[in-house]
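Throughout, read-outs are computed from the coordinates displayed, never taken from laboratory work. A quick note: this is a predicted structure, and the numbers were derived from the prediction, not measured. In this analysis, Cβ positions are derived from the backbone assuming ideal geometry, glycine residues included, and neighbour counts consider all displayed protein chains.
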Ligand code: BTN
């Protein structure tokens, strides 16, 4: 099956906004038979698309399934590379694990591993990550930028800025970034980022950007232990969000900012990040694996470290911690 033609057909049906697409004209344009087009239409119907066939006029797309499958994402995708190769699952243990395997097996730059649900989603420090079916975005993007291994942690900040911009465009609300890897709305977490590395001593082989985003949950969808600390885009903006559109938008911004980081270094990303961060100037506690320190957050360094001024006046650069504001 030629995925590109099938995707193009879906894209045309979608862009026609309820007007019919002629099966004959599409078949002629791509050198296919009308039966081949009809087969694609049947496949779409099996995948949950509702399509009407109007005599002598063609096919009309009535409704798309609420799925983050390849066809739905490609309908909106405007990137050069990221997201054109997609491994889609109805269910899996963790997209992060699958993306690691795919990267090891030479999956190309920008490959997206995405699932409707995860049965063993993982967060930072191997904490469990709640990933309910069809409610959120559970995805891992494999990127292969030309960076040194020590530059990889900054990709969390690149992704954070990209996600905030995408949310702004699709949901019309401005989220804030809580260093290093949380995106917050109204004081609650909507997104976590897990950046993992496959590396050689002097060059990054692949970075696996794991993104977990609460999108269409209602209050009652969250388990009791998350009710006070998590929220979703739907709760915050009062409307159901097209996850596929949001994913395409995230991929667009991650691609843009990753290229910017490769070309111009961390400076421009740092400026963008500071505009969305809620941490500078605040008194915070940084809980690390072996110690906890308190002080005033000054901002982030040129390397992406959190700069904390301790009460004795010294400034400490922190690589990774849980932040309590
Ligand atoms: C965190 O805030 O601790 C990071 C959460 C990252 C969760 C995402 S969901 C998609 C990908 N697969 C996983 O198992 N984890 C990441």
- Query: Relative to the longest principal axis of the chain, what angle (0 to 90°, nearest 10) does the C-alpha long axis of helix 34-46 take?
  - Reply: 50 degrees
- Note on the structure: The computed P(r) of the stretch 3-63 puts the percent of Cα pairs beyond 16 Å at 34 percent
- Message: Please report the spacing between the Cα centers of the stretch 146-217 and the stretch 87-132 in Å, no decimals.
- Response: 15 Å
- Message: Between 0 and 90 degrees, rounded to the nearest ten: what's the tilt of helix 154-171 against the longest Cα principal axis of the chain?
- Response: 50 degrees
- Query: How much length is gained on full extension from residue 134 to residue 240, taking 0.36 nm per residue of separation minus their Cα-Cα distance?
  - Reply: 37.0 nm
- Between residue 169 and residue 220, what is the label-to-label distance in nm when each label sits 7 Å out along the Cα-to-Cβ direction? 3.5 nm
- Roughly speaking, what is the stretch gain from residue 228 to residue 197, that is 0.36 nm per residue apart minus the C-alpha to C-alpha distance, in nm to one decimal? 8.0 nm
- Note on the structure: Once both label points are put 7 Å beyond Cα along the C-beta direction, the residue 309-residue 294 separation in nm becomes 1.8 nm
- Item | Rounded to 10°, Cα long-axis angle of helix 267-276 versus longest principal axis of the chain | 90 degrees
- For the peptides 148-156, 30-38, what is the packing order when you average, over each peptide's residues, the other Cβ atoms within 10 Å and list the highest mean first? 148-156, 30-38
- Diffusion coefficient in µm²/s returned for the chain by Stokes-Einstein, Kirkwood Rh over C-alpha pairs, 37 °C and 0.692 mPa s, is 156 µm²/s
- Within 10 Å, count the other beta carbons around each residue, average over each peptide in 127-140, 44-57, and list them highest first. 127-140, 44-57
- Query: Mind ordering 288-294, 22-28 by average Cβ neighbours within 10 Å, highest first?
  - Reply: 22-28, 288-294
- From DSSP H assignment alone, runs of 4+ in the chain each adding -39500 (n - 2.57), the sum over residues rounded to the nearest 500 puts [θ] at 222 nm at -10000 deg cm²/dmol
